[in-house]
Amino acid sequence: TYSAAVGDDPASEMIMARLAGEGLDTDYLHRSPGLTDRTTVFVMHDAQNAIATSVAKARMLGFSDIRALVEVAAPDDVLLMQGNLLQATTVTAAAAARARGVTVVLNPSPITWDYTELWPDTDIVVLNQDECTTLSGARDAVAGARRLIERGAGAIVITQGARDVLLVEAAGVSSVSVPTVTAVDTTGAGDTFCGVFVAAIAAGMPKLDAITRAVAAAAISVTRPGAISSIPSREELADLAARPTSTIAGTGS
């Protein structure tokens, strides 16, 4: 089930059609007059990108707009939130979801406020290395993740571009290797990673295996231009799901 704030323009119709085409419930989308938030992506010569995004619609989404979604959530559900939402909406939704036994996953991108009060209500945090440094104050990714755990967060997943993805937990550190691919455009790779990771967690997959599957999906996405257009198809994701995680990417401690 998907909830977000959209306008009443052609872009919102496209979004709703794409979501419906993936079998996602669009009943909880909050539509209001005006333009849907837009993103402009500048792709550099090395396939990395710089992104400018309008967030007016996202900032209009209050907890009252998503209350019904949270109230029907069950303990085996997962709530994923990202950084465009208002602080009050994010904090209230996380607390309400945790009260219902829901797993709360936070991807605070872009970082626009201090998440200190949210860590105790967050089961898994997905960050890139720069975001981990910003939020923890530590240059070293593992040290930064441990600081966030000390402040109340659960497990920390740190993506590092072409380097191993780290899973930092109170019990220790694990890693998942990233396959070597020829990157064309990294736009949407983080969103692809988060979506596939959370879907795997919701299906009951252990965190390390879920990361492995998400890494494989993100590796496919960077070989294609665009954001939505680069996300692996339903058939490609089904193929990943059917393969043993050990054949998707190597893992290690």
Residue with peak Gaussian network fluctuation, the chain [Cα springs, cutoff 10 Å], from 143, 171, 202:
171
Segment 131-172 - charge dipole about Cα centre, Lys and Arg +1 at Cβ, Asp and Glu -1, debye rounded to 20
100
Taking springs between alpha-carbon atoms closer than 10 angstrom, which of 35, 79, 167 fluctuates most in the Gaussian network model of the chain?
35
Calculated FRET value between residue 143 and residue 113, using beta carbons and R₀ = 30 Å, to 0.05:
0.85
Given the protein chains as shown and a 1.4 Å probe, how many square angstrom of residue 14 are accessible, to the nearest 10?
90
Below 8 Å, C-alpha to C-alpha, sequence gap of six or more: please give me the relative contact order for the chain in percent.
12
State the percentage of accessible surface on segment 104-172 attributable to carbon and sulfur atoms; use a 1.4 Å probe and exclude ligands, DNA and RNA.
45
Calculate for the chain the 222 nm mean residue ellipticity that helices alone would give, adding -39,500 (n - 2.57) per DSSP H run of length 4 or more and normalising by residue count, nearest 500 deg cm²/dmol.
-11000 deg cm²/dmol
The farthest towards the positive end of the charge dipole of segment 64-223, of the residues 102, 211, 197, given +1 on Cβ of Lys and Arg and -1 on Cβ of Asp and Glu, is 211
Using the alpha carbons of the chain, what is the convex hull volume per residue in cubic angstrom, as a whole number?
124
Charge dipole (debye, nearest 20) of the chain; +1 at Cβ of Lys and Arg, -1 at Cβ of Asp and Glu:
300
Is the shape of segment 1-97 rounded, prolate or oblate, going by the alpha carbon gyration tensor and its root eigenvalues a ≥ b ≥ c, with a/c under 1.5 for rounded and a/b larger than b/c for prolate?
prolate
Segment 106-253 shape via C-alpha gyration tensor axes, a/c threshold 1.5:
prolate
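The values are calculated or read from the model by the stated rules, or taken from the named source; none is laboratory data. Source: prediction; values computed, not measured. Positions of Cβ are backbone-derived with ideal geometry, glycine not excepted, and every protein chain shown enters the neighbour counts. In case anyone asks, the SASA skips ligands and DNA or RNA and just uses the protein heavy atoms, side chains included. Shrake-Rupley method; radii C 1.70, N 1.55, O 1.52, S 1.80 Å.
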